[in-house]
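Readers should treat all values here as calculations from the given coordinates under stated rules, not as data from a laboratory. Everything numeric here is computed off the predicted structure, so don't read it as measured data. Virtual Cβ from ideal backbone geometry, glycine too; neighbours counted across all protein chains shown.
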Ligand code: PLP
């Protein structure tokens, strides 16, 4: 891969207009590395306006699971656009009916009713409001490091205290540690079946001194995404479900980032054999356009009276045409299987090559969703945030594009479109190993 000097003149012009005219607050300019400027994207490749090409290991926050501008999605949009663009939720439309049937087809067994959203945050807000109104309870348990969305109704459930404080939004949940085994707050365990966090939650719900009243729901990501690809031990979700059942509370699983084939199964909670009461989906299911939904058990989903919630663009036919095509592609190409198979290759190669790297604390992953946690000191596990940024920059110059996430901003997150082939993945792995070789010299 040729060395890319970024940003080139065209990108620079665009960045400068955005910098001049946009209000602050977006993530675009949050690091010293200039944002990538994308002119077009196809499959797993991104192109910037200066003619540079990047292998995409990010998939636009796990949206482009079936690849950028998949021809089936583009064709569906072009077919739908001249026919009908807007059909508000107060009307009906055949595409809406077809997409409902399709979503029920791919949903876990027992979840057979749908409420629409556009963004992931909206789907989680709907799930939150529904949980509280159905149970007539207010208390929620959420997890340290969780990210459920950026709108007011859900920010209070995000386990990111600083981000809430910046907006003056108070916590709206009781927060407990997520089973982040690499940094286990309880010092680790001998047997993952006995994750102490389950005991901690159990105690919270029984102990009158905890301040937790009657629980409405537990909201959980099956694998924390923005938290830095944090994978709970097997059995964690099913144990959470047992707790919910014991306390007549709902289990709400957020599959917005790690669902739709990302982790080697259609839904990440399948790894634990768990079907939640409510599941939220978004990102990838729209094939690149904003579609989200809550899918749940009939008894819960039929609780609200008509017109309890609404938004003008909830049931947009253009979005639905794209989603329908995207789901068909996912089903026909069984992309979760490619994710499982190539995910193993990716994890094996990265783990074996980086295990002794002085800046790598842990490599973890499920399917094509892998995190490389960077640390300055392997024993103390001091987060290496600046080094992670540097790795990102070196990779960018090589034409590899990935994101950084994590509680401490030190986890390289690898999440390519699930259509990536073995040889493309090997190209990516070679590139990543090279990036870390360069980093080693400076360590
Ligand atoms: N839930 C999870 C797990 C996410 O990762 C995100 C976004 O990154 C959201 C919810 C919010 O989705 P959106 O940005 O579409 O509102």
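Take 212, 220 and order them by how many other Cβ atoms sit within 10 Å, fewest up front.
The most exposed by this proxy come first: 212, 220.
By its C-alpha gyration tensor, with a ≥ b ≥ c as the square roots of the eigenvalues, how is segment 45-147 shaped: rounded for a/c under 1.5, else prolate for a/b larger than b/c, else oblate?
Numbers: a/c = 2.38, a/b = 1.32, b/c = 1.80.
Judged from the Cα gyration tensor, segment 45-147 comes out oblate (a/c at least 1.5, b/c at or above a/b).
Could you give me the radius of gyration and the Dmax of segment 354-443, taking only the C-alpha atoms into account and expressing both in angstrom?
Considering segment 354-443 through its Cα atoms, Rg and Dmax are 12.4, 38 Å.
Quick one: check the C-alpha center-to-center distance for segment 276-293 versus segment 119-156, whole angstrom.
15
Hey, any idea what the orientation-averaged projected area of the convex hull of segment 306-400's Cα atoms comes to, in nm²?
On the way: hull surface 43.8 nm².
For segment 306-400, the mean projected area of the Cα convex hull comes to 11.0 nm².
Based on the alpha-carbon gyration tensor of the chain and its eigenvalue square roots a ≥ b ≥ c, which shape applies: rounded if a/c is under 1.5, prolate if not and a/b is larger than b/c, or oblate? It would help to have the intermediate numbers written out before the result.
Values: a/c = 1.62, a/b = 1.13, b/c = 1.43.
Taking the square roots of the gyration eigenvalues as a ≥ b ≥ c, the chain is oblate.
For segment 107-254, what is the relative contact order in percent, using Cα pairs closer than 8 Å and at least 6 residues apart in sequence?
Answer for segment 107-254 is 25 percent.
Alpha carbon centre of segment 212-260 versus segment 398-443: separation in Å?
Value for the Cα centre distance between the two parts: 28 Å.
Working out 0.36 nm times the residue gap between residue 151 and residue 421, then minus their Cα-Cα distance, what length gain in nm do you get to one decimal?
Between residue 151 and residue 421, full extension yields 93.6 nm more.
Using just the helices of the chain, give the 222 nm mean residue ellipticity in deg cm²/dmol: DSSP H runs with n ≥ 4 each add -39,500 (n - 2.57), and the total is spread over all residues, rounded to 500.
It comes out at -11500 deg cm²/dmol, rounded to the nearest 500.
Pick from 209, 217, 123: which is most flexible by mean-square fluctuation in a GNM of the chain where alpha carbon atoms under 10 Å apart are linked?
209
In what order do 369, 309, 54 fall by count of nearby beta-carbon atoms within 10 Å, going from fewest to most?
Details: 369 28, 309 15, 54 24.
Fewest-to-most ranking of 369, 309, 54: 309, 54, 369.
What residue among 201, 253, 66 shows peak mean-square fluctuation when the chain is described by a Gaussian network model with Cα springs under 10 Å?
Among 201, 253, 66, the largest GNM mean-square fluctuation belongs to 201.
So between residue 206 and residue 32, what do we pick up on full extension, going 0.36 nm a residue minus the alpha carbon distance? Spell out each step's value before the answer.
Details: separation 174, 0.36 × 174 = 62.64 nm, distance 4.72 nm.
Going from the current span to full extension adds 57.9 nm.
With a point put 7 Å past each Cα toward its Cβ, work out how far residue 393 is from residue 355 in nm, to one decimal.
So the two model labels end up 3.2 nm from each other.
If I take every Cα pair under 8 Å that is 6 or more residues apart in segment 71-333, average their sequence separation and divide by the length, what percent do I get for the relative contact order?
That works out to 30 percent.
Let me check against my output: what whole-number percent is the relative contact order of the chain, with C-alpha pairs under 8 Å and at least 6 apart? Before the final figure, lay out each step's value.
Working: 894 pairs, mean separation 96.9, N = 443.
Here the relative contact order equals 22 percent.
Express in nm, to one decimal, how much length is gained between residue 13 and residue 105 on full extension, taking 0.36 nm for each residue of separation and deducting their alpha carbon distance.
28.5 nm
Given points 7 Å out from each Cα along the Cα-Cβ axis, report the residue 75 to residue 112 separation in nanometres with one decimal.
Between residue 75 and residue 112, the simple spin-label model gives 3.3 nm.
Name the most mobile residue of 127, 325, 163, meaning the one with the largest mean-square fluctuation, in a Gaussian network model of the chain with Cα contacts below 10 Å.
It is 163.
For an R0 of 30 angstrom, estimate the FRET efficiency from the Cβ-Cβ distance between residue 24 and residue 138 and round to the nearest 0.05.
Step by step, r from the Cβ atoms, then E = 0.30.
Quick check on segment 155-297: take the gyration tensor over C-alpha atoms, sort the square-rooted eigenvalues as a ≥ b ≥ c, and tell me if it's rounded (a/c under 1.5), prolate or oblate.
Rounded shape, in that the Cα axes give a/c under 1.5.
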